[in-house]
Amino acid sequence: MTPRQRDKILLVTYDFPPGLAGVRRVVKFAKFLPMFGLDPVVLAARPDDGLPSDAEALAQVEAAGYAVCRTPSLDAHQVRRAGRKLREAFRREWSKLDETAKQPPPASKAPVASPAKRPSRAAGLWRAISPWFLLPDDRVGWLPFAKAAAWRMLRRQPVRYVLTSSYPNSAHFVGRWLKRRFKVTWIADFRDGWTQNPYFARYPTPLHRWWDARLERSVLREADLILTVSEPIAAHLRKAGGGDRVHVIPNGYDPDDFRDIEPLEFDRFTLGYTGTLFMQRSPESFFAAVRALLDNHPGLADQFQVVFRTQFKPEHEAAIREMGLENVIFNWGMGTYREALQLQMSADALLVLEGEAPNAEIMLTQKIFEYLAAGKPILAAAPRGALSDLVRRSGAGVVVEPDNVFQMKERLFELFHDMVPYRPDVELIRTFRRGEQARRVAELLGKA
C-alpha cells in the first residue's frame, strides 16, 4: 500500500488553550487531521490572563507535540487589561509611599467604589463605542502580529493548506492574505455567523452594516473552501457569495474526553448546566420556573437541585436570592473542560439555554453535542432553529420556548418524575464524533 502523502496545514485561530471559550473545534482538528495525512501547526493569540483558563487542556495540547505559535495582540480587550494592570501596579507603589493610604477614610466621606467593579463599567463603555470604529470585530488589532508570524512560518516550512477559524472574523483576513502571497489552499471555517450573528453583529449605522457585509463577501469570494457548523449559517454564506463551496461540518464530541472521568454522586435529582451565559442567554426565566415548580410542589425543595458550571452576573445571583433559591440553585464556577464533562456525566438531566434574538435560529452551541454524548435527557429552552431541531431529531430531550415559564415548570416536573421521552438516535449521535468530522474535512481536500 502506498504511504499517504503528508502535507502541512496551518490552523489560524485567535483562541486556543489554555483559553476555555471557542477552542474545541480547532483543537480536535489538530488531533484528528494527522490520521489523514494533514500535519497541523497552529497560529493563535497569546492567552488573555483576564479570562478563565484550563491548564489541563493546555497540557494535552503540549503533549500532542505539534507546534503552536502565539503572538501578541493589540486588540481592545488585552490593551484594556494591560492598562488596568498598570494602574493597579501604580496604586500599589503609591500606597507604599503614602502612609495615609493605609488609614480608613473619614466617616463623613462616601465609600470609594470597589476597583473590582471598574472593569465591568469600562467593558460596558467599550462594547458601546467599539462597533463605531472596529470592523469586522474588536480583535482586528491582532492582524498585524498574526500576518507577520504567518509570513515567517510559511517562509520556514512548506504549508499547503491554511484553515482560518472564526469568531473573531478578523482571523479570515490572515488566510486571505496568505492565499494571495503563497498560493496556498485556504479553508475559511465559521464556528459562528458573521453579519447575522445575534451576539456580535451590532451596527451603529446602516453604513457600518454595509461595510461589514462587504468584508464578509470578500472572504467568501476568495476562500477555496468554506465550512460552518449549521445549515442556517450555511444558507446565508451560500447566498452571500460562497455558493457551492460552503459545506456544513457541525461541532461534535470526542469520546476520549469522557474516559477516566469519575462521576460525582448526588443525593438528590440534579439538573446540570455547563458553559457561558451572556447577552440573551439569560437564566432568569428559568429561575422563575424553578420557583414556580417549588411553589406548586414544596416537597421537591429537598429532592431537586440545579448545578451550574458558568459565570453568573451579579443580577443572576441577586435573582436567586430574591426568589429564595439559594438552597436549590448552585454555581460551581466555570472550572476546567473535564470538570464540565464530569458534571454532564453525573447529572440526571442537562439544561441548555438560548434566548430569543434576531437570527437566533443559527445558534448551535458546542455543549449540545457533549450533552448528547453524555447520554442524559436534555431540557432545551431555545427558539426555533438549529438547536431546537437537533434536540428533537436526536430524540434526546424536550424543547420549550425560551421565556415560557409555565412550559419550563411543567417540563421540570416531568424530568423529575422520569416522564420526559428519552429515545436517543444513537446512529445520528455517532456522526458527531470529532474523528468523523476531521475525515470529512480531509475528503473535501482530497486527502481521504
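Is one or more of the residues making up the range 284-307 in the same structural domain as Leu415 (by TED's automatic domain parsing) and under 18 Å from the mean Cα position of the chain (by Cα)?
no
Which members of the range 24-46 meet the condition of being in a loop (DSSP other than H, G, I, E, B) and either under 18 Å from Asp75 (Cα atoms) or not assigned by TED's automatic domain parsing to the domain that holds Lys147 (or both)? Break it down into steps so the answer makes sense when it comes.
Just the residues of the range 24-46 that are in a loop (DSSP other than H, G, I, E, B), to begin with: 37, 46.
Across the range 24-46, the qualifying residue is only Arg46.
Please go through the range 314-361 and pick out each residue that is assigned to a loop (DSSP other than H, G, I, E, B), more than 18 Å from the chain's Cα centre (by Cα) and aliphatic (A, V, I, L, M).
Selection gives Met323, Leu325, Val328, Ala347.
Scan (1) hydrophobic (A, V, I, L, M, F, W, C); (2) farther than 21 Å from Val248 by Cβ; (3) in contact with a Gly (Cβ under 7 Å, 6 or more places away or on another chain) for the single condition Val400 breaks and write down its number.
The number of the failed condition is (3).
Taking Leu343, is it modelled with pLDDT under 95 and under 25 Å from Ser53 (Cβ atoms)?
Here the answer is no, as Leu343 does not meet what is asked.
Which pairs have Cβ atoms under 7 Å, sit 6 or more apart or on different chains, and link a residue in the range 376-393 that is on the phi < 0 side of the Ramachandran plot to one that is part of a helix (DSSP H, G or I) and of a type in the set (Phe, Trp, Tyr)?
Sorted first by the residue in the range 376-393, then by its partner, the pairs are Ile378/Tyr371; Ala381/Phe286.
Conditions: (1) at positive phi; (2) surrounded by 15 or more Cβ atoms within 10 Å (Cβ to Cβ); (3) not small (Gly, Ala, Ser). His208 meets all but one. Number of the miss?
(1)
Identify, by number, the condition in (1) in contact with a Gly (Cβ under 8 Å, 6 or more places away or on another chain); (2) without any contact (Cβ under 8 Å) to a residue 40 or more places away in the chain; (3) more than 26 Å from Leu277 (Cα to Cα) that Met419 doesn't meet.
With respect to (1) in contact with a Gly (Cβ under 8 Å, 6 or more places away or on another chain); (2) without any contact (Cβ under 8 Å) to a residue 40 or more places away in the chain; (3) more than 26 Å from Leu277 (Cα to Cα), Met419 is out only on (1).
Enumerate the pairs (first residue in the range 166-187 and at positive phi; second residue anywhere and surrounded by fewer than 24 Cβ atoms within 10 Å (Cβ to Cβ) and of a type outside the set (Ser, Thr, Tyr)) with beta-carbon separation below 7 Å, excluding pairs fewer than 6 apart on the same chain, so at least 6 apart or on different chains.
Correct list of pairs: empty, since none qualify.
Would you mind stating whether Phe16 is buried (at least 22 other Cβ atoms within 10 Å of the Cβ), more than 15 Å from Val162 (Cα to Cα), touching a helix residue (DSSP H, G or I) at 6+ places or on another chain (Cβ under 9 Å) and assigned by TED's automatic domain parsing to the domain that holds Leu163?
Yes: the conditions hold for Phe16.
Scanning the range 409-448 for residues that are touching a helix residue (DSSP H, G or I) at 6+ places or on another chain (Cβ under 9 Å) and of a type in the set (Gly, Ala, Ser), which turns out surrounded by the most Cβ atoms within 10 Å (Cβ to Cβ)?
It comes out as Ala438.
If you check Val159 against the conditions, is it under 19 Å from Val41 (Cα atoms), crowded, with 21+ Cβ neighbours inside 10 Å, among the β-branched types (Val, Ile, Thr) and out of contact with any Gly (no Cβ under 8 Å at 6 or more places or on another chain)?
no
Consider Ala438 carefully, then state whether it is in the same structural domain as Pro17 (by TED's automatic domain parsing), outside any loop (DSSP other than H, G, I, E, B) and farther than 23 Å from Pro198 by Cα.
yes
Going residue by residue through the range 268-289, is there one that turns out to be farther than 21 Å from Leu412 by Cα and in a helix (DSSP H, G or I)?
no
The values are calculated or read from the model by the stated rules, or taken from the named source; none is laboratory data. Keep in mind that what you see is a predicted model, and the values were worked out from it rather than measured. Heads up, the Cβs are rebuilt from the backbone with ideal geometry, glycines too, and the neighbour counts pull from every protein chain shown.
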